[in-house]
1. Convex hull over the Cα atoms of region 1-127, averaged projected area in nm²?
2. On alpha-carbon atoms, Rg over Rh for the chain using Kirkwood Rh?
3. Region 82-111 to region 25-65: how many Å between their Cα centroids?
4. Taking the Cα atoms of region 1-70, what is the range of coordinates along each of the three principal axes, in descending order and whole Å?
5. Fewest Cβ neighbours within 10 Å first, please rank SER244, SER201 accordingly.
6. Looking at region 148-272 from every direction and averaging, what is the projected area of its Cα convex hull in nm²?
7. Using the beta-carbon distance between TYR151 and ARG246 and R0 = 35 Å, what value does 1/(1 + (r/R0)^6) give for FRET efficiency, to the nearest 0.05?
8. Between ARG266 and ASN70, what is 0.36 nm times their sequence separation minus the Cα-Cα distance? Round to one decimal in nm.
Amino acid sequence: MRIYVAGHRGMVGGAILAKLKAQGGHELVTRTSAGLDLTDQTAVRDFFQDTRPDAVILAAAKVGGIIANNSYPAQFIYENLMIECNVIHQAYAAGVRRLLQLGSTCIYPKMAPQPMPEEALLTGVLEPTNEPYAIAKIAGIKLCESYNRQYGTDYRSVMPTNLYGPGDNFHPENSHVLPALLRRFHTAAQEGADEVVVWGSGTPMREFLHVDDMAEASLFVMGLDPEVYRRETQEMLSHINVGSGRDVTIRELAETLARVTGFGGRISFDSTKPDGTPRKLTDVSRLTRMGWSAKIGLEEGIRDTYRWFLERPEEALRAK
């Protein structure tokens, strides 16, 4: 198959590309953001008409943590909507029958039942700090489902929990909680600091999934027999959660990061800073029934990520 991987230089896209290369037998198509602006409708149309891929993996997105989402809401909703609309529509126009879109479990309401089932979508108010991004990702799901209904395509969506791993963004302000804290604990350990202050109360619970598990799950879902996929999903509720099915408090995460990085000082929490959603645990029973479950434990995955971080300090610490 000729497969276009959009966002191959990102953490998730890069992991998916690596697994496809390891599989062999595919013609892999990639473009950097400098070579193809996915928010440019004409450029995306010309690209698809020229390359005519058999399948598309849409891993390209504008992403970030609480600070980035709060600071750039217009960019988050605009860029992600444009990327999804352009790639999904132009894939259809070029005759692409199979597409996998990657989203996020931030699509679910702030007070969704725990663990969050796929059925919780559009049942309540979203977390305000990432609402623009979540709205864009919900639109991506509905784009895929609508094209399937009207045009008979096979466009699927997977909604991963918090991802981390080699190739992550470790910027102290624009990254997600795990890589941001890993960088801070690393710096504190290297400098012999007495204390690391963590935003929030430390009580919110979060689920984390190693990017290699996410890449494996993505290819598993993409390769599912259409009959199996249709049997386990609904026409307008077709997305699939991807997670480890286990969560930890932010305090427990911080303690694990301190242990991995060798930080021996005090961990304190600044409760004047926002906590975000109280708990985010995904219900992964749908994917488990289909035959896939996560394999990489949290501390094992963090140690793997930290090894990558130490081996590539210039790349890891470069601001993004």
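Nothing in this text is a laboratory measurement; each read-out follows from the coordinates by a stated rule. What you see is a predicted model, and the numbers here were worked out from it, not measured in a lab. Every residue, glycine among them, receives a Cβ derived from its backbone with ideal geometry; neighbour counts consider all protein chains shown.
1. Across all orientations, region 1-127 yields a mean hull projection of 9.1 nm².
2. Result: Rg/Rh = 0.96.
3. 12
4. 42, 31, 17
5. Ascending Cβ contact count within 10 Å gives the list SER201, SER244.
6. Mean projected area of the Cα convex hull: 9.8 nm².
7. 0.35
8. Gain in length upon complete extension: 67.7 nm.
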